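Enquirer: Input: one structure, supplied below.
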Amino acid sequence: MIDAIEVRVPNLGEFSDVPIAEVLIKQGDTISVNQALLVLESDKATMEVPSPVAGIVKEVIAKPDERVSEGALILLLEPASGREPEVASAPVPAVAALRADSATAEPEAPAPLNPGTQATSASPPRASPAVRKLARELGVDLHAVTPSGPHERILRDDVRDHIRDALTSRATLPSDVEEAGPVAADFAAFGPVEAVKLTRIQRISGPHVKRAWISIPHVTSQEDADVTDLESFRVRINAKQSAGQARLTVLAFVVKAVVSVLQEFPVFNSSLVGDELCLKHYYHVGFAADTPNGLVVPVIRDADRLGLTAIAAELTRLSASARNGQLTPPEMLGGTFTVSSLGGIGGTGFTPIINAPEVAILGVSRAAHKPAWNGVAFDPRLILPLSLSWDHRVVDGASAARFNARLAELLGDPLRLIL
Ligand code: CAO
């Protein structure tokens, strides 16, 4: 059995009776040769006292704020596994680090984790070389750290707490959003309630929609399209459709027009990948479909190669599959732009959520007759409200306004649209 080793304060050169600013080890710690044990701080300097031997700390004798000189007992050490103690092969320096007591002697720390909380203290932060090193490694500006040690000294734990607080505050938005619903409320205390499970589609699409809403800076631009001529054209064509032919819906015209405008404004048919835009040279247009089980988004592939009636046929086929729960995964993948039409239901406008990784989505509301000034009198015109949500990292307001204006122009001139 090897006796515990007494580890004492080494020769401090010109210094004696120096206060202990920090005790860096605790009982049970396994320490290695040269590991810092104490930080001593005099009026003129800060010193770290390294360990001359390796082992397990049996008892810590030194206490913060005590004053020590050469020979003072710091701790009792047990050699690891009862072996002969490993000692420094070269003499351990009396102090591992010695610095003038000025923060300017230290290299600059990298950009702070949380610049918003940066302090403007005139005096340099007080911290041991080890703490400064830790702060540098972790990119923490010590000016921003709240000290908890004696004499406003920043301790290791203060640096760690600072990082934890910074990370927690960064994570606040999503978790706040998550907790925004009154999940824990006891609704039954106010009246009868019933619990209904979310559908499978809702459980799958919910997190996707939430992620898109939180992570994409959305802006929605509104536009009115005069679809008076389009509607009379549509009614005329539908009246002549033979049995079995797909009905031309407003949505079919919208998809046709959207493809044409996407070709003119390629950025709307892209995805943001890191700091690059992936511009897609194919046009797979998704459309939101309301089904008994929830919202799904079937995709009309290569919509640019389809005529109006083929688009209408695809809309009919995919809508039926969506309602019957028979869509296959490929029929829901690869969309480059989405249209969400609530026109069959109502509404004068809404803010659709972008179907990430797409960068824009078009919302279509219910067309209604509105008076339009023709220069002489008010004319009743059928106006279709368009709501384009776009990712402000990719699209700017002017482009969105041009996209919408062009779309409205095409929808206002059905012959040009189909030619
Ligand atoms: N303005 C006025 N009336 C409209 C219209 C519009 N924009 N769009 C459709 N209508 C009317 C038409 O009268 C149409 O009948 P006719 O074509 O015979 O005249 C009727 O509504 C029914 O249209 P529809 O909605 O069934 O067909 P559609 O092709 O327009 O839409 C589909 C198909 C699948 C998009 C639609 O059924 C649907 O599910 N819409 C909901 C989408 C949704 O939920 N979006 C929200 C997503 S975010 O939660």
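Enquirer: Checking the condition within 23 Å of Gly412 (Cβ to Cβ) and not basic (Lys, Arg), which residue from Val267, Val196, Val273, Val250 passes?
Expert: Just a single option satisfies the conditions, and that option is Val250.
Enquirer: Here's another thing I want to ask about it. Hey, among Leu272, Leu295, which residue is open to solvent by 30 Å² or more (accessible area, probe 1.4 Å), part of a strand (DSSP E or B) and within 12 Å of the ligand (Cβ to nearest atom)?
Expert: Leu295
Enquirer: Considering only segment 243-253, state which residues are within 19 Å of Val297 (Cα to Cα) and either within 8 Å of the ligand (Cβ to nearest atom) or surrounded by fewer than 24 Cβ atoms within 10 Å (Cβ to Cβ) (or both).
Expert: Of everything in segment 243-253, those that are within 19 Å of Val297 (Cα to Cα) and either within 8 Å of the ligand (Cβ to nearest atom) or surrounded by fewer than 24 Cβ atoms within 10 Å (Cβ to Cβ) (or both) turn out to be Thr249, Val250, Leu251, Ala252.
Enquirer: Of the residues Ser16, Ser51, only one is touching a residue at least 24 places away in the same chain (Cβ under 8 Å) and out of contact with any strand residue (DSSP E or B) (no Cβ under 8 Å at 6 or more places or on another chain); which?
Expert: Matching residue, one of Ser16, Ser51: Ser16.
Enquirer: Take the residues in segment 348-389 that are more than 31 Å from the chain's Cα centre (by Cα) and within 9 Å of the ligand (Cβ to nearest atom); name whichever of them is surrounded by the most Cβ atoms within 10 Å (Cβ to Cβ).
Expert: That would be Leu384.
Enquirer: Now, a different point. Can you tell me which residue among Asp290, Asp304 is within 12 Å of the ligand (Cβ to nearest atom) and either in a strand (DSSP E or B) or under 25 Å from Ile237 (Cα atoms) (or both)?
Expert: Asp290
Enquirer: Go through (1) away from the ligand (no atom under 11 Å from the Cβ); (2) out of contact with any helix residue (DSSP H, G or I) (no Cβ under 9 Å at 6 or more places or on another chain); (3) over 11 Å from Ser221 (Cα atoms) and name the single condition Gly397 misses.
Expert: Result: Gly397 passes all but (3).
Enquirer: Which is more than 48 Å from the chain's Cα centre (by Cα) and at pLDDT 90 or above, of Glu6, Glu59, Glu14?
Expert: The conditions single out Glu6.
Enquirer: Just for segment 310-347: of the residues that are away from the ligand (no atom under 13 Å from the Cβ) and in contact with a Leu (Cβ under 8 Å, 6 or more places away or on another chain), which one is most open to solvent (accessible area, probe 1.4 Å)?
Expert: Narrowing segment 310-347 to residues away from the ligand (no atom under 13 Å from the Cβ): 310, 325-326, 328-337.
Retained after the next criterion (residues that are in contact with a Leu (Cβ under 8 Å, 6 or more places away or on another chain)): 331, 336-337.
Details: Glu331: 36, Thr336: 0, Phe337: 0 Å².
Taking the candidates together, the pick is Glu331.
Enquirer: Pairs please, first residue from segment 20-37 and among the hydroxyl-bearing types (Ser, Thr, Tyr), second anywhere and part of a loop (DSSP other than H, G, I, E, B), Cβ atoms under 7 Å, 6+ apart in sequence or on different chains.
Expert: These pairs meet every condition: Ser32/Ala54.
Enquirer: Another one. Contact list please: Cβ distance under 9 Å, first residue in segment 233-260 and farther than 22 Å from Pro385 by Cα and in contact (Cβ under 8 Å) with a residue 60 or more places away in the chain, second residue within 13 Å of the ligand (Cβ to nearest atom) and open to solvent by less than 20 Å² (accessible area, probe 1.4 Å), pairs at least six apart or on different chains.
Expert: Gln245/Ala312; Ala246/Ala252; Ala246/Ile311; Ala246/Ala312; Ala246/Leu315
Enquirer: Would you confirm, using the coordinates I've provided, whether Val23 is under 18 Å from Pro64 (Cβ atoms), under 46 Å from the mean Cα position of the chain (by Cα) and open to solvent by 10 Å² or more (accessible area, probe 1.4 Å)?
Expert: So Val23 fits the description; yes.
The values are calculated or read from the model by the stated rules, or taken from the named source; none is laboratory data. Because the structure is predicted, anything quoted here is derived from the model rather than measured. Cβ atoms come from the backbone with ideal geometry, glycine included; neighbour counts cover every protein chain shown. Just the protein is used for accessible areas: all its heavy atoms, side chains included, with ligands, DNA and RNA removed. Shrake-Rupley method; radii C 1.70, N 1.55, O 1.52, S 1.80 Å.
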